[in-house]
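Here the structure comes first, spelled out in structure tokens, and everything after it is commentary.
The values are calculated or read from the model by the stated rules, or taken from the named source; none is laboratory data. Quick caveat, the model's predicted, so the values are computed rather than measured. With ideal geometry, Cβ positions are generated from the backbone for all residues, glycine too; neighbour counts draw on all protein chains shown.
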Amino acid sequence: MYTQGLDQKGQANVSEIESPEQLAAFQARIDAEEKIEAKDWMPAAYRRTLIRQISQHAHSEIIGMQPEGNWLTRAPSLQRKAILLAKVQDEAGHGLYLYSAAETLGVSRDEMVQGLLDGKAKYSSIFNYPTLNWADIGAIGWLVDGAAIMNQIPLCRCSYGPYARAMIRVCKEESFHQRQGFDIMHKLCNGTDDQKAMAQDALNRWWWPSLMMFGPGDADSKHSAQSMAWKIKRFSNDELRQKFVDVTVPQAEFLGLRVPDDALVLDEESGHYRFGEIDWQEFHDVLAGNGPCNAQRMERRRSAHDDNAWVRDAARAYADKQSAKAVA
Ligand code: FAQ
């Protein structure tokens with residue numbers, strides 16, 4: 001038996017008595033690459049870790065609609081507007097799949113959303129940076145969705161079935177997002193000098209925050225060891241960051257752009273790019289709520305939640321009517 005709710009930090013609060021035999025049998029299933037399903041027995045800490053990660057992931061998708069939503073009314077053509085609209089709607093869909101996947105673990109959507117609104121639950125640091133001009137939309141698709149894919153493809157093999165299955169469709173959609181971002185950058189880089197300068201400026205501003213998306217370095221990542229043993233994570237934060245750099249630097253070269261890192265160099269022997277030190281102080285400041293747009297993002301989310309209370313009320317009234325009909 002377990003009991004749960006969300007604690008003060010917005011994390012699932014689960015208590016359960018677990019025997020060493022149960023824990024060993026569970027780990028054996030993980031080691032044998034079996035998928036864990038919603039109704040299977042699982043350690044309380046496994047459940048808690050998944051609720052934390054999946055709900056933060058869902059919140060990121062929902063807050064992540066804001067920086068790009070900012071440019072829907074100012075897209076440079078009807079076609080660009082239609083593409084961006086589809087992308088932003090996809091992000092809403094990802095949030096919904098992910099909230100649903102987390103709900104299978106016994107936490108309610110209301111509790112998760114409340115954790116976000118109360119500022120107790122995290123969302124990705126990247127969405128606290130501003131989108132100053134159209135090139136930023138290209139940079140987000142190329143770099144932010146590119147980083148998201150690198151992190152999320154391995155999640156399709158996560159040990160928890162509902163999360164792994166949700167990620168398959170999410171990743172397909174993210175790869176369209178990445179392509180549309182690269183396409184915007186490509187057009188700008190092959191346009192006028194001013195357009196190319198806009199693309200370079202966007203890369204300058206989004207490069208380092210994109211590297212921070214992968215989380216703290218392995219030595220400082222408090223959850224990684226256990227999450228990897230449970231096969232929730234398949235690669236460490238630093239491994240994924242390195243893969244992202246290796247894939248993205250040649251793309252920047254193809255675009256004729258310069259990655260803003262003087263220490264960046266290809267290590268011929270290993271085939272990997274070595275790159276400079278991330279500004280971890282900036283990362284921690286953003287996580288603490290002091291990034292350029294944290295306050296604005298949360299203010300917008302809270303007002304959208306309040307302004308749309310009537311939609312929830314209407315849906316609830318309709319559901320009540322339907323269930324009254326079913327009983328009658
Ligand atoms: N921002 O011990 P670790 C997207 C927190 S979706 C904020 O390494 P873990 C799509 C971490 O939560 C982007 N917080 O933690 C899109 C933990 O805090 P806690 C989101 C961060 O879980 C594109 C603490 O630091 N993707 O972009 C960040 O093992 C365009 C210690 O860290 C996901 O959520 C950060 N960057 O590894 C949408 C993917 N990094 O909970 C719109 C799923 C770390 O102890 C437009 N999540 N923290 O208080 C994951 O893969 C993992 O949770 C990591 C962190 C890799 C993010």
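Looking at the structure I just gave you, is Met185 within 16 Å of the ligand (Cβ to nearest atom), surrounded by 20 or more Cβ atoms within 10 Å (Cβ to Cβ), closer than 18 Å to Ile83 by Cβ and of a type outside the set (D, E, K, R)?
The answer is yes for Met185.
Could you tell me whether Arg234 is modelled with pLDDT of 95 or more, closer than 19 Å to Ser60 by Cα and more than 8 Å from the ligand (Cβ to nearest atom)? Spell out the reasoning first.
Numbers: modelled with pLDDT of 95 or more: yes; closer than 19 Å to Ser60 by Cα: no; more than 8 Å from the ligand (Cβ to nearest atom): yes.
No, not satisfied.
Can you find a residue in the range 279-300 that is of a type in the set (Lys, Arg), out of contact with any Gly (no Cβ under 7 Å at 6 or more places or on another chain) and closer than 19 Å to Glu61 by Cα?
Step one: list which residues in the range 279-300 are of a type in the set (Lys, Arg), which gives 297, 300.
From what's left, out of contact with any Gly (no Cβ under 7 Å at 6 or more places or on another chain): 297, 300.
Still in the list and also closer than 19 Å to Glu61 by Cα: 297, 300.
Within the range 279-300 (the criterion being of a type in the set (Lys, Arg), out of contact with any Gly (no Cβ under 7 Å at 6 or more places or on another chain) and closer than 19 Å to Glu61 by Cα), the answer is yes, since at least one residue qualifies.
Using the structure shown, decide if Ala164 is out of contact with any Lys or Arg (no Cβ under 8 Å at 6 or more places or on another chain), more than 10 Å from the ligand (Cβ to nearest atom) and on the phi < 0 side of the Ramachandran plot.
Working: out of contact with any Lys or Arg (no Cβ under 8 Å at 6 or more places or on another chain): no; more than 10 Å from the ligand (Cβ to nearest atom): yes; on the phi < 0 side of the Ramachandran plot: yes.
Judged against the criteria, Ala164 is not a match.
I'd like to check something: does the range 157-169 contain any residue that is at pLDDT below 95 and within 15 Å of the chain's Cα centre (by Cα)?
Looking through the range 157-169, at least one residue is at pLDDT below 95 and within 15 Å of the chain's Cα centre (by Cα).
For the subset of the range 113-156 comprising residues that are among the charged types (D, E, K, R) and in contact with a helix residue (DSSP H, G or I) (Cβ under 6 Å, 6 or more places away or on another chain), which member is surrounded by the fewest Cβ atoms within 10 Å (Cβ to Cβ)? So that I can check it myself, show each step before the final result.
Going residue by residue through the range 113-156, those that are among the charged types (D, E, K, R) are 118, 120, 122, 136, 145.
In the following step, the residues that additionally are in contact with a helix residue (DSSP H, G or I) (Cβ under 6 Å, 6 or more places away or on another chain) were identified as 122, 136, 145.
Working: Lys122: 16, Asp136: 25, Asp145: 25.
Here the residue is Lys122.
Name the helices (runs of 4 or more DSSP H) wholly inside the range 47-119 in which the number of residues that are away from the ligand (no atom under 12 Å from the Cβ) and of a type in the set (D, E, K, R) is 1 or more.
So the answer is 78-103, 109-117.
What pairs can you find where one residue is in the range 236-250 and without any contact (Cβ under 8 Å) to a residue 40 or more places away in the chain and charged (D, E, K, R), the other is away from the ligand (no atom under 15 Å from the Cβ) and not in a helix (DSSP H, G or I), and their Cβ atoms are less than 6 Å apart, with a gap of 6+ or different chains?
The qualifying pairs are Asp246/His272; Asp246/Tyr273.
(1) touching a Pro at 6+ places or on another chain (Cβ under 6 Å); (2) within 27 Å of Gly138 (Cβ to Cβ): which one isn't true of Lys196, the others all being true?
Unmet for Lys196, out of (1) touching a Pro at 6+ places or on another chain (Cβ under 6 Å); (2) within 27 Å of Gly138 (Cβ to Cβ): (1).
Please count how many residues of the range 50-90 are surrounded by 15 or more Cβ atoms within 10 Å (Cβ to Cβ) and touching a residue at least 40 places away in the same chain (Cβ under 8 Å).
25
Would you mind stating whether Ala219 is more than 12 Å from the ligand (Cβ to nearest atom) and either β-branched (Val, Ile, Thr) or without any contact (Cβ under 8 Å) to a residue 40 or more places away in the chain (or both)?
Answer is no for this residue.
I'd like to verify a number: residues in the range 281-312 that are in a helix (DSSP H, G or I) and either among the polar types (S, T, N, Q) or more than 14 Å from the ligand (Cβ to nearest atom) (or both), how many?
17
Return the total of residues in the range 215-270 being of a type outside the set (A, V, I, L, M, F, W, C), under 30 Å from Ala288 (Cβ atoms) and either assigned to a helix (DSSP H, G or I) or over 19 Å from the mean Cα position of the chain (by Cα) (or both).
Looking only at that region, the number is 15.
Can you tell me which residue among Leu264, Leu255 is surrounded by 13 or more Cβ atoms within 10 Å (Cβ to Cβ), in contact (Cβ under 8 Å) with a residue 24 or more places away in the chain and either more than 16 Å from the ligand (Cβ to nearest atom) or among the hydrophobic types (A, V, I, L, M, F, W, C) (or both)?
Only one candidate qualifies: Leu255.
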